[in-house]
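A.B. asks: After the structure tokens below, expect a handful of questions from me.
The numbers here are math on the coordinates, done by the rules we state, and not lab data. Quick caveat, the model's predicted, so the values are computed rather than measured. Ideal geometry is used to build each Cβ from the backbone, glycine not excepted, and the neighbour counts take in all protein chains shown.
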Amino acid sequence: MPQLFLMLGGVSGFLAVALGAFGAHGLRDRLPADLLAVFEVGVRYQMYHALALVGVALALDRWPSGALSAAGWSFLIGTVIFSGSLYLLTLTGQRWLGAITPLGGVAFLAGWALLAWAAWSARGA
């Protein structure tokens, strides 16, 4: 599992950089400023959680736990739903996609809570 999360974190980080460049150079003149800002929020949160996935992978090597694995899956699901919905919203103009975005935010929150729980549980190990 650590290698999977490390690989997924690397892929997600790569995509965040690529999408950030696409937003800055390819969308700058095609989107209104408010939608470009929404796209950039998606990129920023994707990068934060790509790094979180790398951290989970490293932690799993030392303190394997179900809570830590669940944190990694929550970060991944959150990225797909949160950032993915923001990307689709900006590229398609479908505003209803904004209603899905908070579900990704809840997955992010769950991931951070699970990470904290895993660290708390492993403190005596």
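A.B. asks: How long, wide and thick is the chain, going by the Cα atoms along their three principal axes, in whole angstroms, largest first?
C.D. replies: 53, 26, 17
A.B. asks: Go ahead and collect, in residue order, the members of the stretch 76-97 whose backbone nitrogen is under 16 Å from a label point 7 Å along the Cα-Cβ direction of residue 44.
C.D. replies: From the stretch 76-97, the list is 82-84, 86-87.
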